[in-house]
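Undergrad: One structure coming up, written as structure tokens, with questions to follow.
The values are calculated or read from the model by the stated rules, or taken from the named source; none is laboratory data. The structure presented is a predicted model; accordingly, all values stated were derived computationally and were not measured. Neighbour counts run over all protein chains shown; Cβ positions are idealised from the backbone, glycine included. For the accessible areas, the whole protein counts, side chains as well, though only heavy atoms, and no ligand, DNA or RNA atoms are used. Shrake-Rupley method; radii C 1.70, N 1.55, O 1.52, S 1.80 Å.
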Amino acid sequence: MSGVESMKIILIGIQGAGKSTQGNLLSEKLKIPYLSTGHIFRFLAKEKTKLGRYIKEIMNAGYLIPDKKTVSIVSNYLKRPEYANGYILDGFPRTLDQVKEFKNGVDKVVYLKVSDKEALWRLSYRNGDNREDETLAALRKRIELFHKLTEPVLDYYKNKGNLVEVDGEKAVEEVHKEILEKIK
Ligand code: AMP
């Protein structure tokens, strides 16, 4: 695949599925920039502004930032010149309303599938970087919202024919290869 081709890839999966690991590997391989809405929001949550405090509170509880706000923040990021030839977007869209409001277009949607049990296990044993928004209650809430709000997004892309499903429980390198095969 040539690096000049535009490619818009979406990564979807519950927390702990390996989206950022796989997103970064893909980004290196395909020479397409990686962008994570989780990173954007964690960055905004550090700001000592009304918006910052508001976002922090929602994130720490494991809830989603409201759709309108999310779409406007993400769309603004994607206007930057570095994303003109495509992007690997991790963590967005997470609801059908976000899908509807998002005007940038999508080429491939990669669903990194891991069981709830595996994700909880991985997150509880991930050493070191425990974040403030990673309490067990927040994790459970995020998983619950994934099933309720994000699974319909997967069905939507499946019907459109751009969903690719990958077994995220395999070793990192194997998952990476499988993604590359399936998005060709
Ligand atoms: P993540 O690292 O992708 O799990 O995102 C961490 C937190 O950021 C989530 O629990 C949400 O509070 C917020 N967030 C990230 N992406 C979205 C999105 N697409 N819509 C709403 N909230 C989001």
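Undergrad: Give the Kirkwood hydrodynamic radius (Å, one decimal) of the stretch 1-90, defined as one over the mean of 1/r across all pairs of different Cα atoms. Each step should come with its number before you reach the end.
TA: On the way: mean 1/r = 0.0706 Å⁻¹.
Radius from the Kirkwood sum: 14.2 Å.
Undergrad: Work through the residues other than Asn76 whose Cβ is under 14 Å from its Cβ and net out their charges, Lys, Arg +1 and Asp, Glu -1. Present the calculation step by step, with values, prior to reporting the outcome.
TA: On the way: positive: Lys68, Lys69, Lys79, Arg80, Lys103; negative: Glu82, Glu101.
Once all neighbours under 14 Å are counted, the net charge is +3.
Undergrad: In addition: For the chain, which semi-axes, largest first and in whole Å, follow from the square roots of 5 times the eigenvalues of its Cα gyration tensor? Can you show the working numbers first?
TA: Details: eigenvalues 114, 84, 51 Å².
Largest first, the chain gives 24, 21, 16 Å.
Undergrad: Using Cα-only point scatterers and the Debye equation, what is log10 of I(q)/I(0) for the stretch 62-165 at each q in 0.11, 0.24 Å⁻¹, rounded to two decimals?
TA: Debye output, listed in q order: -0.40, -1.36.
Undergrad: Next question. Set the bar at 18 Å for Cα to Cα. Now go through Lys56/Lys148; Lys117/Lys182; Lys50/Lys148; Lys31/Lys108 and name every pair that lies beyond it. Mind showing how you got there, number by number?
TA: Details: Lys56/Lys148 22 Å; Lys117/Lys182 25 Å; Lys50/Lys148 29 Å; Lys31/Lys108 16 Å.
Going by Cα-Cα distance, Lys56/Lys148; Lys117/Lys182; Lys50/Lys148 fall outside the 18 Å limit.
Undergrad: Please list, in chain and number order, the residues 5+ apart from Asp90 or on another chain whose amide H is under 5 Å from its amide H, with Hs placed from the backbone.
TA: Leu11, Leu35, Ser36, Thr37
Undergrad: Among the chymotrypsin sites (Phe, Trp or Tyr not before Pro) within the stretch 39-137, which fall in a DSSP loop and have no more than 14 other Cβ atoms within 10 Å of their own Cβ?
TA: When the chymotrypsin sites (Phe, Trp or Tyr not before Pro) of the stretch 39-137 are filtered for loop state and at most 14 Cβ neighbours within 10 Å, Tyr63 remain.
Undergrad: Another one. Extending each Cα 7 Å along its Cβ direction at Arg42 and Arg140, get the distance between those two points in nm, one decimal.
TA: Modelled inter-label distance: 2.3 nm.
Undergrad: Going toward the positive end of the dipole of the stretch 30-87, with +1 on Lys and Arg Cβ and -1 on Asp and Glu Cβ, which of Ser36, Leu51, Val74 do you reach last?
TA: It is Leu51, whose Cα lies furthest towards the positive end.
Undergrad: Could I ask something else about it? Once the piece of chain linking Glu118 and Lys69 is laid out straight, how much longer is it, given 0.36 nm per residue of separation minus the C-alpha distance between them?
TA: Details: separation 49, 0.36 × 49 = 17.64 nm, distance 3.11 nm.
Extending this stretch completely gives an extra 14.5 nm.
Undergrad: Show His176, His39, His147 ordered by accessible area, largest first, where the area counts protein heavy atoms only and the probe is 1.4 Å. List each step's numbers first, then the result.
TA: Details: His176 15, His39 95, His147 70 Å².
The most accessible residue leads, giving His39, His147, His176.
Undergrad: May I pose another question? Taking a threshold of 23 Å on the Cα-Cα distance, which of the pairs Lys79/Lys177; Lys19/Lys48; Lys68/Lys103; Lys113/Lys177 fall above it? The partial results should precede the final answer.
TA: Values: Lys79/Lys177 30 Å; Lys19/Lys48 29 Å; Lys68/Lys103 13 Å; Lys113/Lys177 15 Å.
Listed pairs above 23 Å: Lys79/Lys177; Lys19/Lys48.
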